[in-house]
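Comments concern the structure below.
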Amino acid sequence: MEIHDSQNLAGKKCKPCEGGVDACSLNEAHSQLQHLDGWYLTHDGQRIRKDWKVRHFMAGMHFFNSIASLAEADGHHPDLHLSAYRNVSVELWTHAIGGLSENDFILAAKIDQLPVELDG
């Protein structure tokens, strides 16, 4: 996988993935994450995640709706988590390959460009 800065990633479109390709390596994931603010590896390097603390419950729901529209347009769907009414997390991985692909980093970069009402 070629490593890109966040602006370059955000300008790309997710490509359909039905499996049959290798997940990116742990080294590739670490290298790519250096260009994405706040995202980190989970599940033994098979997923990436980012956490936010939003101003209030509805700020989280508005953010989720923005992410849902973006994800649907790119055909790549994250796991969205809301706990304690203000703690928002997004987790990405390519289900078809059971690990990370360039699509996950593309969607992460695009999510980072969305407006979100953060707490204080």
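Below, the figures for the structure above:
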quantity	calculated
Sparsely packed GluC sites (Glu not before Pro) within segment 16-110, loop by DSSP, other Cβ within 10 Å at most 13	18
Extension gain from residue 86 to residue 114, taking 0.36 nm per residue of separation minus the Cα-Cα distance	8.4 nm
Contact order relative to length of the chain, as percent, for alpha carbon pairs under 8 angstrom and 6 or more apart	37
Fully extended contour minus Cα-Cα distance, from residue 61 to residue 26, at 0.36 nm per residue	9.4 nm
Helical segments meeting 18 Å axial Cα length and Kyte-Doolittle -1.0 threshold in the chain (DSSP H)	57-74
Distance (nanometres) between label positions extended 7 Å along Cα→Cβ at residue 12 and residue 69	2.5
Summed side-chain charge close to residue 56 - residues other than residue 56 whose Cβ falls under 12 Å, Lys, Arg +1, Asp, Glu -1	+1
Sparsely packed chymotrypsin sites (Phe, Trp or Tyr not before Pro) within segment 63-108, loop by DSSP, other Cβ within 10 Å at most 13	85
Magnitude of the charge dipole, the chain, Cβ model with Lys/Arg +1 and Asp/Glu -1, debye to 20	340
Highest-first arrangement of 75-82, 112-119, where packing means the average Cβ count within 10 Å	75-82, 112-119
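Each value in this text was obtained by applying a stated rule to the coordinates, not by laboratory testing. Because the structure is a prediction, the values reported are computed rather than measured. So basically every Cβ, Gly included, is an ideal-geometry build from the backbone, and we count neighbours across all protein chains shown.
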